[in-house]
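Heads up, the thing below is written out as structure tokens.
Each reported figure results from applying straightforward, stated rules to the coordinates on display, with no laboratory input. Note that the coordinates shown come from a computational prediction; the quantities given were computed from them, not determined experimentally. Here Cβ is always computed from backbone atoms with ideal geometry, including for glycine, and neighbour counts include all displayed protein chains.
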Amino acid sequence: MNKPVRRIAIFCGLLVLALLLRDNWLQFVQADELKTHKNNRRVDIARYSQPRGNIIVDGQAITGSVETGGVDFKYKRTYTDGPMWAPVTGRSSQVYGATQLENLYDRVLIGDDDRLFFNRTVDMITGKGKKGGDVITTLNGKAQKAAFEGLGDKKGAVAAIDPRTGKILALASTPSYDPSKIAGANDGKEWTSLDKDKNKPMLNRALRETYPPGSTFKVVTAAAALENGLYKDVDSKTDSPLPWTLPDTVTPLKNEGDIPCKDASLRVALQWSCNTVFGKVSADLGNKKMMDEAQKFGFNNDKLDTPVRAAQSIYPKDNRPQNAMDGIGQASNRATPLQMAMVAAAVANDGKLMEPYMVDKVRAPNLNVIETHQPKEMSQPMSRDNARKIQSMMETVVNEGTGKNGRISGVTVGGKTGTAQHGVANSENPYAWFISYAKGSNGSPVAVAVVIEGSDTMRDDIAGGALAAPIAKKVMEAVLSTAK
Amino acid sequence: MSAMPSMPSSAGSNTTATTTISTVGPPSRRNTELALLAFAVILPCFAYANVGLALNGEMPSGMLGYGLGLGLLGGVGHLVVRKFAKYADPLLLPLATLLNGLGLVMIWRLDQSERLARLAKAQGFTFQASAPNQLLFSALGIALFVAVVIFLKDHRILQRYTYISMVVALILLVAPVFFPGKFGAKIWITVPGLGSIQPGEFAKIILAIFFAGYLMVKRDALALASRRFMGLYLPRGRDLGPILAVWALSLVILVFETDLGSSLLFFGMFVVMLYVATERTSWIVFGLLMSAGGAAVVGSVEPHVKVRVMAWLHPFAVYDNPRPSWATTEQIAQALFAFGSGGVFGTGWGQGASDLIQFAANSDFIFASYGEELGLAGAMAILLIYGLIVERGVRTALAARDPFGKLLATGLAAAFGIQVFVVAGGVMGLIPLTGMTMPFLAQGGSSVIANWALIAILIKISDTARRPAPAPAPSPDAEMTQVVRP
């Protein structure tokens, strides 16, 4: 009977071998995959087992961590002025995950980034717990406050950039939410009410929402006209009949009110926001040239990372009448507030568009800087001369045109208002826009775009100047006061 | 196999030899066993201290009692073996003690889990520490071990109870059908006020006795009366009876008790023993075909088994949105996470989060807890310990001099091995999960008690196998020739 017994011994050995192989497969080959599986709660447990690193503005942390007293998550995230900073920080929720900077810099903030390896090793040897690094942003606290308070209880967004470097100075969105309130493990109720809110408080309008840009887009159209040599002098007459009919149609394009648009110069046309002039410029240049120019400003770029990715602003391929309407920002072209701030910034920086960014440095727990962002030129949408010409036009808009509310005494300010109609047959409340820049002795330190949704009181082009310009003005003042 | 290795080779032919038979038998290896046993007690003590230090930063207060308790259990076992089974295999007792001790540590460690305590509270239970009970069950297990070693003078006595064993085993197997099922499987006999036992664990041993006794008698008929067909010996129709009966029984268990594990275990054990008894490979082929056929049919028809199979194939489906209706538990996924998170070296005692498996983290899924806290290294060590126990059992079968002992030892060792494979394989996602427990490690009274009895029987068989034959009575003729001297 011994032969079969020996075979059974081999059989039992094979069973154990199969288990050993499977164990190696699980704990060696697949270990990392299972360890970091999105449903493996240990990932979150580890993430919240120590205070998270902070996101820093003007040297002050705008985030924090508190002990929860819970079993799984020892700490949870807190935010200082959460609703104001939410469009910058995003959230780090124990249940609903992380977004924006909290998400992109998660590994730094929890201390797992490879560049923190030395730190971690030292901490391990000296018996200290793991610590997270800090993310130092480019934002300007005063400008952010001016933007957020300026928006108040209106629905809208503000984006402000330093045109010289591309540093994002303000990024506000209202209505907003306090990410502290959904950071914990038992915040389902608050989450549901935010998630179901029809005003979408968790939407980052400054980066992630696109709007028809309305008349503010005329700055891009003007740049296209000058760059393509359609007109050279901004003060000589243009070939602009009034009334003017949209190409291939019998529909006349209307201006807002009785404004002097017949054969108006580019300066006058921008000053009074003449639809007929810029609609015709766009029609004369054609879809291709308009699209090229818009793309140089950043339109149609689906990978605009600040590093939080902005929604794609669009200047589409269109037929002739639509393209003419695109030229005045009233067709299918759409832009994020950040995109329109970039338009103002490119003009203010003498034609050079800097890539917008909001993370300046990443700092290890021992205060060593492990990453520094260098400003990068993104494109040159217009020559220096043409940029100067548009600057003088935009300054006229603020000094003598529709943008008077943006004036700051003693400071050169250029701007453009806009009121974008939308909805079926323009039935819904229009969006009020204002884009502007301020000039200091050393170039322009700030360009800003403001958009306000649902300004039901005014439907004409003055809306942008009346509602959005004062907010832009306050943001510019805030930046100028800190730049001194 | 020679029972008297020290016999001089010239003894048979040389009539003038004065010392023909050595009175010194083979080494008993009891001191080896004692040394290994000391190791098997000290190792869990270190583990215990480790858990305390990891969880609370101090030596656990119950350390002394635990160490003494485990030492006492192992010590009593050893003394009894030394007295009543002197030539027993020296590895079985220390290996079982080591597993039992490590199991106690992990159960105690999971008792400290705040997560499990809160879970119990949230579900309206009072959270009970399982370690004290498990220590009690271990003591009962050792008591049964001692009783078997002392009172079972010779394992061949068991042969007398072949058919009684059959009846008892059938009762044990069928009884759970009449009791309410728990957690999707009807494998418990519940006595109100006293708790519940898993009769399957005991049935395993009793069935092995029945199979061994039955096959010993019938093996010639099963082996010889057969027709050859395509290189296989086909048994006669009427000889197919027993295997068909056991097959039917295991299917009945599968269907009515929805217990895939026991079903696989009993059928596997029977096929192994049948093969050993008849030395006919055809039985293995038959066995495999029948179990595959049975499992395929039941697996596709019986909803509970089907759920298990689906959960095995798609362990992470429970997180899908929308969730499939059959994905009711995240236990398998959590067990896989536990293994993966442990990696090669593990998190260390007390520092894993295998309590995320929640319910049954210390019983059916305890192996995942070891996988996480001791890593691949520790989990492989545990699997190898199990492997050693099985192979010592098979070694005992090889050494045994009687066919009944050979069959019984093979059956018990194979059953132990199959059980480990079915449970560990289920927890690691190698095969569908079943409702059985890791012998000695897992929390559960029936399992630990029954497995101590299993070890005791193996120890008795190995003792008989290695015990030197009594010295033959001196021949009066030889005495005579010795007297006459030149």
- Query: Can you give the percent of C-alpha pairs in the range A:269-425 whose distance is more than 26 Å?
  - Reply: 34
- Using the beta-carbon distance between B:Leu289 and B:Thr32 and R0 = 35 Å, what value does 1/(1 + (r/R0)^6) give for FRET efficiency, to the nearest 0.05? 0.20
- Message: Along the charge dipole of the range B:30-467, pointing to its positive end and built from +1/-1 on Cβ of Lys, Arg, Asp and Glu, which listed residue (B:Ser113, B:Leu73, B:Leu336) has its Cα farthest out?
- Response: B:Leu73
- Determine the dipole magnitude for chain B: charges of +1 sit on the beta-carbon of Lys and Arg, -1 on that of Asp and Glu, nothing else is charged, the reference point is the Cα centre, and the result goes in debye to the nearest 20. 1160
- Suppose every K and R has +1 on its Cβ and every D and E has -1 on its Cβ; what is the size of the dipole of the protein assembly as shown about the Cα centre, in Debye to the nearest 20? 2300
- With the Cα gyration tensor of the range A:212-328 in hand, convert its eigenvalues to equivalent ellipsoid semi-axes via √(5λ) and list them largest first in whole Å. 25, 15, 13
- Query: Between A:Ser65 and residues 5 or more places away or on another chain, which pairs have amide H atoms under 5 Å apart, with H built 1.01 Å from N, and which residues are they?
  - Reply: A:Thr78
- Grab the beta carbon distance between B:Ala296 and A:Asn24, set R0 = 25 Å, and tell me the FRET efficiency rounded to 0.05. 0.30
- Item | Fraction of alpha-carbon pairs over 18 Å apart in the range A:238-297 - percent | 36
- Item | Lysine pairs in the range B:30-467 with Cα atoms under 24 Å, if 8 or more residues apart or on separate chains | 19
- Query: Over the range B:30-467, what relative contact order in percent results from Cα pairs under 8 Å that are six or more residues apart?
  - Reply: 23
- What is the Cα coordinate range of chain B on the first, second and third principal axes, sorted by size from largest, in whole angstrom? 99, 63, 43
- Beyond 26 Å (Cα-Cα) in this structure, taken from A:Lys296/A:Lys416; A:Lys262/A:Lys296; A:Lys303/A:Lys439; A:Lys145/A:Lys361; A:Lys130/A:Lys200, we find A:Lys262/A:Lys296; A:Lys303/A:Lys439; A:Lys130/A:Lys200
- Once amide H atoms are built 1.01 Å from N in the peptide plane, which residues 5 or more positions from A:Asn300, or in another chain, come under 5 Å H to H? A:Ser313, A:Ile314, A:Tyr315
- trypsin sites (Lys or Arg not before Pro), loop per DSSP, at most 14 other Cβ atoms within 10 Å - longest free stretch of chain B: B:237-400
- What length, rounded to one decimal in nm, is gained on full extension from A:Phe118 through to A:Gln295, with 0.36 nm per residue of separation minus their alpha-carbon distance? 59.4 nm
- Note on the structure: Across the alpha-carbon set of the range B:20-84, Rg over Rh with Rh taken as the Kirkwood radius works out to 1.24
- Query: Across 5 Å bins from the origin, how do the percents of Cα pairs in the range B:272-417 run, short distances first?
  - Reply: 2, 9, 12, 12, 13, 14, 15, 12, 8, 3, 1, 0, 0
- Dipole of chain A, Cα-centred, from +1 at each Lys and Arg C-beta and -1 at each Asp and Glu C-beta, to the nearest 20 debye? 1460
- Note on the structure: Along the dipole axis of chain A (charges at Cβ: +1 for Lys and Arg, -1 for Asp and Glu; origin at the Cα centre), the most positive-end residue among A:Ala447, A:Gly214, A:Asn2 is A:Asn2
- Item | Under 5 Å, built H, 5+ apart or other chain: amide partners of A:Asp113 | A:Val108
- Message: I'd like to know which of B:Gln134, B:Val167, B:Trp188 lies farthest towards the positive end of the charge dipole of chain B, counting +1 on Cβ of Lys and Arg and -1 on Cβ of Asp and Glu.
- Response: B:Val167
- Query: Which FRET efficiency value, to the nearest 0.05, is calculated for A:Ala61 and B:Ala120 with the Förster distance at 45 angstrom and r the Cβ-Cβ distance?
  - Reply: 0.70
- Task: Mind pulling up the Rg/Rh value for the protein assembly as shown? Radius of gyration and Kirkwood radius, both on Cα.
- Result: 1.21
- When a footprinting reagent is the concern and you count Cβ atoms within 10 Å, what order do B:Ile206, B:Ile189 take, fewest first? B:Ile189, B:Ile206
- Note on the structure: Partner aspartates and glutamates whose C-alpha sits under 15 Å from that of A:Lys76, ignoring same-chain residues fewer than 8 away, are A:Asp44, A:Glu67, A:Glu102, A:Asp106, A:Asp178, A:Asp187
- Message: Based on alpha-carbon atoms only, what is the radius of gyration of chain A relative to the globular estimate 2.2 N^0.38 Å?
- Response: 1.19
